[in-house]
Every structure is written in C-alpha cells, then in structure tokens.
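The structure appears right after this line, and notes come after that.
The values are calculated or read from the model by the stated rules, or taken from the named source; none is laboratory data. Computed from a predicted model, the values in this text were never measured in an experiment. Heads up, the Cβs are rebuilt from the backbone with ideal geometry, glycines too, and the neighbour counts pull from every protein chain shown. The accessibility values were calculated without ligands, DNA or RNA, using every heavy atom of the protein model including side chains. Shrake-Rupley method; radii C 1.70, N 1.55, O 1.52, S 1.80 Å.
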Amino acid sequence: MKQFSKIFSFIKDYKVNMVLYFIFILLSIIFSLFSLSLLAPFMDLIFGDKNLTGTTAQTIQPLSGGVTSNLKDTLYNYLASIIQQEGKQYVLGMICTFIIIMIFFKNIFLYFSYFVLAPVRYSISKKYSTLLYDKILALPIGFFSEKKKGDILSRAGSDVLELENSVTAAMESLIKDPLNIIGILIFLLILSTKLTLFVLIFLPISGFVIGRIGKSLKKQTTQAQVKWGEIMSNIEETLTGLRIVKAFNAETKMKNNSDKLADEMFKIKVKMQYRRDTASPISEFLGICIVCGVLWFGGRLVLAGQIMSPGAFITYVAIFSQIINPAKALSSAYYHVQKGAATLERLNEILLAPITINDKENCLDLESFTTSIEFKNVSFAYNDQPILKNINLVIQKGKTIALVGSSGAGKSTLADLVPRFHDVTSGELLIDGINIKDYSVKSVREKISVVTQEPILFNDTIANNIALGKQDANKQQIEEAAQIANAYQFITKKEDLFESNIGDRGSKLSGGEKQRLTIARAVLKNPPILILDEATSSLDTESEKLVQDAINKMMQNRTSIVIAHRLSTIKNADEIVVLQHGSIVERGTHQSLMEVDGFYKKLVEMQEVK
C-alpha cells in the first residue's frame with residue numbers, strides 16, 4: 001500500500017466525497033442488517049414460537065439480560081399484541097413490507113455511495129494522464145530514442161485505465177467490505193457470542209489461502225503490459241510503413257509477427273485469468289465449509305436448548321451467509337493491489353525519469369540575440385558513446401553556417417545543441433558570450449525556428465499549424481507568412497482556405513506543400529536564429545525550387561545553421577563546416593574548400609553534396 005500513497009494524495013480534493021461515501025456505505029449496511037434481522041420474528045411467527053403465538057403479551061419471558069435482549073423482547077411484545085388484535089397474516093404482511101422498505105433504503109444509499117465515488121474514481125485517470133503528458137513534454141528528446149512509441153502509448157492509455165480500475169476496486173474493497181464484515185460480525189455477536197467466536201477461529205483460513213495463490217499475479221501483470229506495448233508498437237509501425245509493406249509484399253511477414261505477439265499475449269492473459277479466477281471459487285468453498293460448520297455446531301446447541309430459538313438461529317445463519325461475498329471481495333482486493341502496483345511501476349518509469357534539461361535557479365532570459373553563438377571545446381556523448389568531439393565554432397549574427405558530412409558525422413546533433421534538445425557533455429555553448437545553461441530554456445527556444453527534413457504537422461487546420469509558435473497571430477500575419485513560404489497559392493485553392501484540415505501528419509497535402517507549411521510556421525515565429533535540417537532533401541525538383549526560394553527569403557537577415565546534402569542550399573553559405581566522426585575536419589567557403597583536395601571536395605564529387 002505504500003506505493004499508493006501518492007495516488008491517494010490525488011484525492012485530497014475529494015475529502016467530502018470520501019466522507020459521504022463512508023456514511024452512505026455504512027447506512028446501506030445498517031439497513032441491510034435490519035432487514036435480515038426481521039427474519040427471526042418472521043420465522044418464529046411461521047413456526048409458532050411461544051413468544052409470538054402466546055395468548056397475551058405478558059406470556060413472553062426475557063431471553064437474557066442486557067439492552068439487546070430488552071429490545072428484542074420489546075419487539076416480540078409489540079408483535080404479539082398486534083397478533084392478538086389483527087391476526088398472524090396481518091403481522092406477516094407487515095414484516096414483509098418492512099423488509100422491502102429496508103432493502104429499498106439499503107439500495108438507495110448504495111447508489112448514493114457510487115454517485116459520490118465516481119468523481120474520485122475518474123480523478124485518478126485524469127491526474128495520471130495529465131502527469132504523463134506533461135512529463136512527455138518535459139523529458140529530453142534523447143529519452144525517447146530508445147523507447148517504442150507504441151509502448152509509450154500503451155502506458156499512457158491502457159496502463160492508466162488499468163491503474164484506475166485497480167485502485168478504485170481496491171479502495172472500494174478496503175472501505176465497503178471491511179465495514180460490511182465488521183457490521184455483520186457485531187450483529188452476530190449480539191445474536192450469539194459463543195457461536196460467533198467459533199466462526200472467528202476459521203475465517204482467517206480463507207484470507208491465508210487466497211494470499212498464497214496471488215503471489216505471482218504482479219509479475220504476470222507486468223508481462224502482459226509489456227507485451228501489450230509491443231503489440232501497440234507493431235500496429236503503429238505497420239500504419240506508418242503501410243506503403244512499404246504493400247510495395248514489398250511483406251503482408252505475410254507482418255501478419256506472422258502480429259500473430260506471434262497476439263499468441264504470446266493470449267498465453268499470458270490466460271495464465272493471469274486462471275490465477276485470478278481461483279480466488280472467488282476457493283473463497284466461496286471455504287465460506288460454505290464454515291457455514292456448514294456453523295449449521296452443525298449451532299444446530300447442536302439449538303437442539304440442546306443452550307442458545308437461541310430455531311427462528312433466531314436461521315436468522316443467524318442467513319446473516320452469516322452475507323459475510324461470504326464481502327470476504328470474497330476483500331480477498332480480491334489483494335489482486336487489485338498487485339495489479340495496480342505492477343502498473344504503477346511501468347508508469348513510474350516515465351514519471352520518475354530524470355529531466356536533464358532544466359532551468360538553473362535565477363536563470364536569465366535571452367531578451368535578444370545580438371552577437372554570436374559559440375561552441376567552445378564542446379563534446380557530447382549519448383549513453384557513453386561519443387558523438388561530438390572538441391568542437392570549436394563561432395557563428396556570428398546574420399551569418400549562414402552550413403554543416404556537411406557523411407551520415408552519422410554528428411551534424412544534426414551539433415544543431416540540436418543550440419535549442420537545447422541536448423546539453424553538452426563537456427565544454428561550453430555560449431550565446432552572446434553567456435553559457436546557454438544560464439538562460440531559461442523557453443527564452444532560448446523563443447529565438448529559434450527549426451525546419452526538419454520530415455515535415456512535422458498536426459491533424460488540425462492550416463492556420464493553426466502555421467500559428468503553432470505564435471498563438472496570438474492574426475489572420476493577416478498568417479497569410480503573410482504563407483506568402484513568404486510560397487504556400488499561399490495552394491492554400492487558396494482549398495475549399496476552406498486556411499481553415500482546411502490537413503489530416504493526420506498532413507496526409508491531405510503533398511510533400512512540397514507540407515514543407516512549405518513548416519517554413520510558413522518558422523517565418524511567422526520570426527526568430528533571429530534558424531536551423532534547417534535537410535529541409536529539401538526529400539522533395540522533387542519542382543517542389544524543391546519553391547521550397548528553396550521560400551527558404552532563401554526566410555534566411556534574409558537571420559542567423560542560419562543549415563544541414564544539407566544539396567549544393568543549392570549551402571553553396572552561398574558564409575562558412576561550410578565539414579564534420580567527420582564527430583570532429584570538424586575542414587571549414588571555409590565553398591570556393592576555398594573546392595580548391596583544397598580534401599574531404600569536402602570528395603563529398604561533392606561523390607555527389608553526397610549535389
């Protein structure tokens with residue numbers, strides 16, 4: 001239960017609901033027990049007990065001392081007097097009516113308990129969904145490089161719902177069922193202390209057996225959730241690469257992989273269900289064994305005349321039988337706790353993951369970019385694998401720097417350090433002479449726009465995609481940004497113009513149209529620093545011309561870091577930096593580098609730079 005302390009802290013805003021839940025459950029239990037207590041006079045009436053069928057109320061003899069017996073004697077006196085006046089059938093109908101009224105109120109208060117618990121129940125999934133989404137936004141990009149998207153989606157979806165169900169079921173069981181059991185035991189002690197003490201000797205056996213059965217459920221729950229994450233990843237990869245799957249006739253391979261995962265999931269869940277389902281029948285079997293023990297032991301005492309009347313004994317057995325269901329439910333709470341603990345561990349892998357990109361205390365705001373970006377002896381490693389080594393580079397304001405090199409040379413990683421997608425492992429990255437870590441992350445990123453090789457768009461309108469980085473932009477500003485990005489012409493051909501929905505990841509647009517929208521988004525933000533990561537490499541010639549023209553207009557009077565394989569993008573750069581294996585091997589203008597028989601010239605000749 002220690003693991004759930006944080007979860008229970010989420011419901012502190014619902015203290016009133018929990019108090020009301022406790023009260024309503026207690027009232028429903030009381031009305032249930034009172035309705036069952038009327039079975040005693042009912043049975044005595046049917047079987048002709050002398051206390052009810054005597055000719056006068058005065059024939060009743062006290063059963064024993066104490067308040068309880070006095071209440072019972074008063075009730076029997078009252079019923080006996082009504083029998084004398086109205087007859088047995090009238091009293092029979094009166095008892096049945098009273099039982100119906102008691103059961104009605106029992107169920108009314110039970111409904112009220114569910115009603116006040118509903119907001120508490122769903123506050124758990126709401127809170128965890130919010131926490132997970134916020135943490136996903138806060139975690140550095142590097143965290144997700146080794147995580148499958150399907151697994152993340154599984155944790156944010158099915159795991160949160162599993163936690164909600166497990167915690168709520170455990171919470172209900174730990175409040176309602178103990179109250180039920182305590183209420184029933186108190187009532188049984190009132191009816192017969194000797195018989196109830198006999199029962200209490202055997203009740204703990206049930207809980208012990210159930211506890212032994214459920215030991216491995218937590219492990220199996222974790223296995224099922226991991227496997228579900230793999231299934232989600234497989235579906236996500238299939239949807240993303242469906243064109244390639246069909247083009248290479250790989251449907252059979254993908255289907256076999258999916259079938260294998262589904263089969264593994266099936267086996268795990270069947271094992272879980274086998275173990276989970278043992279709780280209920282074993283609890284019921286043990287409960288019936290105890291009931292039979294009560295019938296045997298109590299029946300002997302009744303026949304010997306040592307305890308209650310036969311009608312009261314039948315009432316005792318009926319009330320005791322009501323303890324079986326809450327005892328079963330309470331034993332199931334152990335399973336809910338185990339499942340919830342396993343789910344919580346998976347969620348905590350994300351929630352407790354360290355956020356490595358943080359603002360320092362009393363950090364500065366980068367109000368404006370005025371002089372330069374400087375890499376001073378910068379090195380970067382990921383999982384102890386060196387990516388960049390001893391980089392020294394100064395990018396003056398208003399200049400365009402091109403990064404070129406073979407795949408894996410570290411170009412994108414070097415550019416990612418500027419908006420602090422990663423932090424340097426050693427050395428310093430300075431903006432206007434101040435370490436970038438001394439600025440707030442938000443203020444640094446406000447001065448930067450990024451255009452990536454793969455256009456990243458959202459299932460929303462054209463206008464909202466363009467205005468992503470400037471939420472307060474008006475219609476005129478959005479249209480001007482679209483014109484600069486050479487996107488205005490194709491947008492005006494859409495039926496709903498700027499309010500047209502572009503579909504999932506911009507599926508309703510061509511590659512060139514999508515890229516021009518990302519450029520319009522960067523233009524509207526109007527930052528002093530641009531990072532262009534191979535923005536034209538995946539486009540056809542016509543689209544490339546339009547996009548490149550848009551890029552050229554966007555780069556005017558801005559500091560630009562350009563990663564590209566195409567000469568058209570970088571030939572006019574103020575400086576070209578050539579990277580190889582994470583180190584700078586050459587630098588200079590296009591002309592000066594071509595005059596040197598070095599790595600850059602070889603790249604050009606090999607048409608890695610076209």
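Assuming R0 = 45 Å, can you tell me the calculated FRET efficiency for the pair Gln483 and Thr130, based on Cβ-Cβ distance, to the nearest 0.05?
For R0 = 45 Å, the calculated efficiency reads 0.70.
Contour minus end-to-end for Leu137 and Glu495, with contour as 0.36 nm per residue of separation and end-to-end as the Cα-Cα distance?
Length gained between Leu137 and Glu495: 125.5 nm.
Quick one: how many Å² of Asp549 are accessible to a 1.4 Å probe, rounded to 10?
70 Å²
Please identify which residues in segment 473-497 have an amide N closer than 18 Å to a label point set 7 Å out from the Cα of Asp460, following the Cα→Cβ vector.
473-482, 497
Where Rh is the Kirkwood radius over the Cα pairs of segment 388-533, the temperature 37 °C and the viscosity 0.692 mPa s, what D in µm²/s does Stokes-Einstein return?
196 µm²/s
Using amide H atoms built in the peptide plane, which far-off residues or other-chain residues are under 5 Å from Arg587 H to H?
HN-HN under 5 Å from Arg587: Val578.
Exactly which trypsin sites (Lys or Arg not before Pro) in segment 357-394 are in a DSSP loop and have at most 12 other Cβ atoms within 10 Å?
Lys360
Find how much the distance from Phe266 to Leu200 grows on full extension, using 0.36 nm per residue of separation minus their present alpha carbon separation; answer in nm with one decimal.
Net length gain for the segment: 19.7 nm.
I want to check the label-to-label distance for Ile82 and Val317. Put each point 7 Å from Cα in the C-beta direction and report it in nm to one decimal.
Between Ile82 and Val317, the label points sit 2.6 nm apart.
At 0.36 nm per residue, and after removing the present C-alpha to C-alpha distance, how many nm does the segment from Glu428 to Ser406 gain when stretched out fully?
5.4 nm
Heavy atoms only, probe 1.4 angstrom, no DNA, RNA or ligands counted: give me Met102, Met594 ranked by accessible area, highest first.
Ranked list, largest accessible area first: Met594, Met102.
Just need the relative contact order of segment 356-492 here, percent rounded to a whole number, with Cα pairs under 8 Å and 6+ apart.
28 percent
Given R₀ = 45 Å, what would the calculated FRET efficiency be for Thr193 paired with Gln273, taking r from the Cβ atoms and rounding to 0.05?
In this case the efficiency is close to 0.60.
How big is Rg to Rh over segment 349-432, alpha-carbon atoms, Rh as the Kirkwood inverse-mean-distance radius?
We get a ratio of 0.99 for segment 349-432.
With the crude spin-label approximation of a point 7 Å out along Cα→Cβ, what separation in nm comes out for Asn390 versus Asn256?
5.1 nm
Please go through segment 482-536 and write out the GluC sites (Glu not before Pro) that DSSP classes as loop and that have at most 13 other C-beta atoms within 10 Å.
Of the GluC sites (Glu not before Pro), the ones in loops of segment 482-536 whose Cβ has at most 13 other Cβ atoms within 10 Å are Glu495.
Between Asp549 and Ser583, what is the spin-label point distance in nm, taking each point 7 Å from the Cα along the Cα→C-beta axis?
For Asp549 paired with Ser583, the spin-label model returns 4.4 nm.
Rounded to the nearest 10 Å², what accessible area does Asp359 show when all protein chains are kept and the probe is 1.4 Å?
80 Å²
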